[in-house]
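The values are calculated or read from the model by the stated rules, or taken from the named source; none is laboratory data. Everything numeric here is computed off the predicted structure, so don't read it as measured data. Cβ coordinates were reconstructed from backbone atoms using ideal geometry, including for glycine residues, and neighbour counts include every protein chain displayed.
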Amino acid sequence: SRLGILIVRHLKRLERVILGYLEVSDGPEEKARLGILETLQCTIEHAWPRMPCRLPVLLKALLRLLWDVHTERGPSPEPVRAALLHGATQCLILLDHCSQGQVKV
């Protein structure tokens, strides 16, 4: 959040990091995934003009995360799973707003 719009300088590298963390479960507490969802939300809020071109990749990763969390009955407690679903949903809502409704389509 300190970088603000200047985060766009690092979007390509940051996108790879975000995608990597979203793909892999990191144990029952899912601290890394929850943290990266928070990072993604902040990035979308600050770099919203650049998000529509990244929409297909981020949308695919977020939908895959939602599906994985919903279908897997792993060691994560229900509040953690709910937090993951909520964080991913918030990211989807932000992406929809900054892409003028393209997520819904």
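Miscellaneous remarks
- No other residue among 23, 38, 29 is touching a Pro at 6+ places or on another chain (Cβ under 9 Å), of a type outside the set (S, T, N, Q) and at pLDDT 85 or above apart from 29.
- For region 67-82, residues that are of a type outside the set (Asp, Glu) and either surrounded by fewer than 15 Cβ atoms within 10 Å (Cβ to Cβ) or farther than 17 Å from residue 24 by Cβ (or both) total 9.
- Screening the candidates 31, 60, 12 for the property of being surrounded by fewer than 17 Cβ atoms within 10 Å (Cβ to Cβ) and over 23 Å from residue 103 (Cβ atoms) yields one hit, 31.
- Filtering region 52-105 to residues that are assigned to a loop (DSSP other than H, G, I, E, B) and charged (D, E, K, R) leaves 72, 73, 104.
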